[in-house]
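Below is one structure, written out as structure tokens, with a few remarks after it.
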Amino acid sequence: MYRDRGALFRTMETVVDEKPLCLATSRIVTVELFRPGILSVERIDSALNPCGCWRTLHQRVKSVSSFGLRFVVMFVLLAGCQAAPQAQKSASGFSADKDPQKLFQQGEAALKRGQLDEADRAFRAVLAINPQVAGAYANLGVIDMRRKQWTPALEMLHKAQRLAPDMAGVRLNIGLVYYRQNDFRQAILPFESVVHDVPDSFQARYLLGLCYFFVERFADAASALEPLWSQASAQLNYLYVLGIAANKAGQPQLEQRALARLIEIGQNSPEFHLLMGKAYLNREEYDHAIAELALAAKGDSALPFVHFNLGMAYLKRQDLDQAKAEFLRDIAIEPDVSYDYDQLGEVYYLQQQDEAAEKAFRKALRIDPQLASSHFQLGRVYQREKKYGEALTEADASLKLDPDSPGIHYLRGQVLQHLGRAQDAKHEMETFTQLSNAAREKRHQELESGPMPNPELTEEPQ
């Protein structure tokens, strides 16, 4: 197993019910921001089951119930509604003289069934009776999360937090909103507060560890993740990430422990071959990567993201038709992952199919507006079409998301030159040169630092 940057875990929202702080789902997607021409992206799909255990890679993401606030919420409801005035029929369609507790329960039931509009009406009816019910705001935030409407979700969750600052589940969801937008720095504080108040929360500690990992606070990541060993050490992905964090943090004993356990339980499984293939892919050893990933696909052809990584390997080898086929296979398995469309768009761009490339990049950005590489690649499409104003708009958008990308500065320099802004173009090219040299040195150090312990390593540290 070679060193690479790990994998980005993404999580679904939580839903209010009687199970305290039980996270719904979790998905590994990618390790880092795309940096055009410099870094590759990798991902694995995984999930936590309702009891806090890890799902295997072949299991699909399913929304299930999550954290519980019911006891506190019902107290707030009962206390608040005694003083609530009688109101006429609300605009939501629910009668205001109905029992607010029953309305709340109706909303919960609808939310669990996935009937978001019905749940939305029920919780708003509760608030029409008493606007001080924290649980109603919290669940409206969950509904917005399900709809991927992040700004209103935060607005509702912050209202719930102001009314009930001791509800750890509300702060967990605030962290999740930031997390789902890849804003890991912003997610750290709410997750830290949950871990402080609920030290044995598997979900909060796990997510906090991942946020530390993604912002390269590797020692903090290892410290946060290691206590979860008894609950998660039977799962490949946990061991994989923990091993990387320990390696980056200079903790060889923990690294060897994680890697030895990974090898012990991985055996010849498709998931293990996927991890091996990902490691080879990051090492730029594409033939070895394809061999391992092909074994993974042979063992489980529906393994999430195995075809994505195969597509990445073929793309690096400039086998564009095979890369396109693999990305399309991955889309057939998981149709709402932005990175598939992003890389498919790059294939179309290289094949000079600009219309298809633009369509793919737009699809990626509809799924994830924060995907820097799709803005960058779309800028390249417009540059080739001599639409320099549109190209600059996309380059600027990508620069805000990834200011240290050499490729983005190079694109801006070229576009600015065409727009007659010679001085600005010169500045961008100078920045490109500086960042390229730094990126090359960093990549050289990563490749020359040597592999993780070889797969045959089985001895655990004493």
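Rule-based calculations on the coordinates, nothing more; no lab input. Bear in mind the structure is a predicted one, so any value in this text is a computation, not a measurement. We place every Cβ from the backbone using ideal geometry, glycine too, and count neighbours over all the protein chains shown.
Using the Cα atoms of the range 327-379 to build a convex hull, what is its mean projected area in square nanometres?
On the way: hull surface 12.3 nm².
Its average projected convex-hull area is 3.1 nm².
You can think of it this way: the chain between Asp99 and Ala291 has 62.9 nm of extra reach, that is 0.36 nm per residue less the Cα-Cα gap.
Please say if the range 248-331 is rounded, prolate or oblate, where rounded means a/c under 1.5 for a ≥ b ≥ c the square roots of the C-alpha gyration tensor eigenvalues, and otherwise the choice is prolate for a/b larger than b/c and oblate otherwise? Here the range 248-331 falls in the prolate category. Per-peptide packing, taken as the mean over residues of other Cβ atoms within 10 Å, places 144-150, 113-119 in the sequence 144-150, 113-119 from highest down.
Using the Stokes-Einstein relation with a Kirkwood hydrodynamic radius computed over Cα pairs, the translational diffusion coefficient of the range 310-403 at 25 °C and a viscosity of 0.890 mPa s comes to 187 µm²/s. Remark: spin-label model distance Gln115-Glu216 equals 5.0 nm, labels positioned 7 Å along the Cα→Cβ axis. Restricting the calculation to Cα atoms, every distinct pair contributes to the Kirkwood radius of the range 185-327, found to be 16.3 Å. When the alpha carbon gyration tensor of the range 110-167 is reduced to an equivalent ellipsoid, the three semi-axes, largest first, read 17, 14, 9 Å. Working note: Karplus 6.51/-1.76/1.60 with θ = phi - 60° gives the range 250-266 the couplings x, 10, x, 5, 5, 4, 5, 4, 5, 5, 5, 5, 4, 5, 4, 8, x Hz, where Gly and Pro are set to x.
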